[in-house]
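What follows is one structure encoded as structure tokens, with my remarks underneath.
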Amino acid sequence: MRATRVGAGVQAAVQAGGEGVVVAWFPRACYVSLPGGLFATVADGVPIGPLHAVLDSTPVRAHPGAPARVVDGDLEIDGAAIVLVGARSWLGALPSPAEVVSSADNVVAATEDARGSALLAEPYRNRAHRARERLAAGALDEAARLLVGLGPGLTPSGDDALAGIVFALRARGGPAAESLTMRASEAGETDTISRGFLRWAARGQALEPAHDLLVSAAIGDADRASRAARRTAAVGETSGADFLLGLRWGMEAAPQLARPSAAHSRR
């Protein structure tokens with residue numbers, strides 16, 4: 001079994017080496033926690049992201065708590081070898097902060113598929129609405145505490161929305177915004193999988209279609225941006241739609257948030 005592409009979080013965890021355990025297994029994803037961080041081996045066809053190692057086959061079936069370790073730069077899960085050496089590195093592209101700011105309306109227009117978010121329905125709607133109000137008032141940390149842990153899913157819907165918010169703010173503000181976004185990503189109590197995705201979203205790294213949405217919006221390609229939004233919305237039961245909702249809220253609220261000045265160079 002071989003990985004074809006690996007995200008930045010996978011590379012960081014593997015470089016740190018060591019031994020860990022399987023955290024969770026699903027037919028298309030096996031989550032592993034190592035000393036250097038958490039990541040998932042995922043089936044071909046699952047969108048690449050910072051915490052994904054995309055395989056040329058389905059993930060090893062392993063129960064939570066099964067051993068995992070790095071061996072000479074490759075991965076071993078419950079005795080099964082997964083070749084990581086030679087996999088193509090992936091880092092999500094971002095337009096410059098100035099381009100993201102100037103194309104924010106295009107991003108918002110492309111997020112119509114956010115209407116599938118679980119946060120827009122009972123019993124989560126009222127608390128999510130309060131979070132949006134606090135965000136619009138410039139109180140990101142308060143909004144984050146209201147969202148974390150809210151709703152259904154392996155990664156709760158509120159966590160996915162918060163990931164979209166901090167991703168939007170990091171994209172608009174550049175690296176200097178990370179003091180704001182990283183603090184928000186640590187709000188409240190949630191599981192290790194959600195926390196891993198939140199931390200990378202706060203650094204400006206999310207699933208590939210979310211990056212494609214921003215790049216497409218920046219070059220004024222509305223059709224491609226809409227397709228990227230639909231691919232984002234298709235992730236999970238509602239996770240992608242929840243992320244899009246947060247992305248929309250983050251883009252709309254950014255001018256009201258006290259944030260560092262944007263850097264003007266591309267990542």
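The values are calculated or read from the model by the stated rules, or taken from the named source; none is laboratory data. All values reported here derive from a predicted model rather than from experimental measurement. Note that each Cβ is placed from the backbone with ideal geometry, even for glycine, and that neighbours are counted across all protein chains shown. Side chains are part of the model used for accessible areas, which takes the heavy atoms of the whole protein and leaves out ligands, DNA and RNA. Shrake-Rupley method; radii C 1.70, N 1.55, O 1.52, S 1.80 Å.
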Worksheet item: Exactly one of (1) of a type outside the set (Phe, Trp, Tyr); (2) touching a strand residue (DSSP E or B) at 6+ places or on another chain (Cβ under 9 Å); (3) without any contact (Cβ under 8 Å) to a residue 60 or more places away in the chain is unmet by Ser89. Its number?
Response: (3)
Worksheet item: Quick check, is Ser157 modelled with pLDDT of 95 or more and of a type in the set (Ser, Thr, Tyr)?
Response: yes
Practice prompt. Take the residues in the stretch 13-22 that are without any contact (Cβ under 8 Å) to a residue 60 or more places away in the chain and buried (at least 17 other Cβ atoms within 10 Å of the Cβ), then tell me which one is farthest from Pro35 (Cα to Cα).
Written response: Val22
Practice prompt. With respect to Ala184, determine if the residue is free of Cβ contacts under 8 Å to residues at least 40 places away in the same chain and either farther than 13 Å from Ser239 by Cβ or more than 15 Å from the chain's Cα centre (by Cα) (or both).
Written response: no
Response to the item:
A careful count of residues in the stretch 235-259 that are in contact with a Gly (Cβ under 9 Å, 6 or more places away or on another chain), open to solvent by 40 Å² or more (accessible area, probe 1.4 Å), modelled with pLDDT under 95 and at negative phi gives 4
Worksheet item: Which residues, counting only those in the stretch 122-166, are out of contact with any Ser or Thr (no Cβ under 9 Å at 6 or more places or on another chain) and assigned to a loop (DSSP other than H, G, I, E, B)?
Response: Glu122, Pro123, Ala137, Gly138, Ala139
Discussion item. I'd like the full set of residues that are open to solvent by 70 Å² or more (accessible area, probe 1.4 Å), under 22 Å from Arg227 (Cα atoms) and polar (S, T, N, Q), limited to the stretch 83-131.
Written reply: Ser102, Asn106
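Can you confirm whether the stretch 34-47 contains a residue that is at positive phi and in a strand (DSSP E or B)?
Keep residues of the stretch 34-47 that are at positive phi, which gives 37, 45.
Subsequent filtering for residues that are in a strand (DSSP E or B) retains 37.
Checked the stretch 34-47: at least one residue is at positive phi and in a strand (DSSP E or B).
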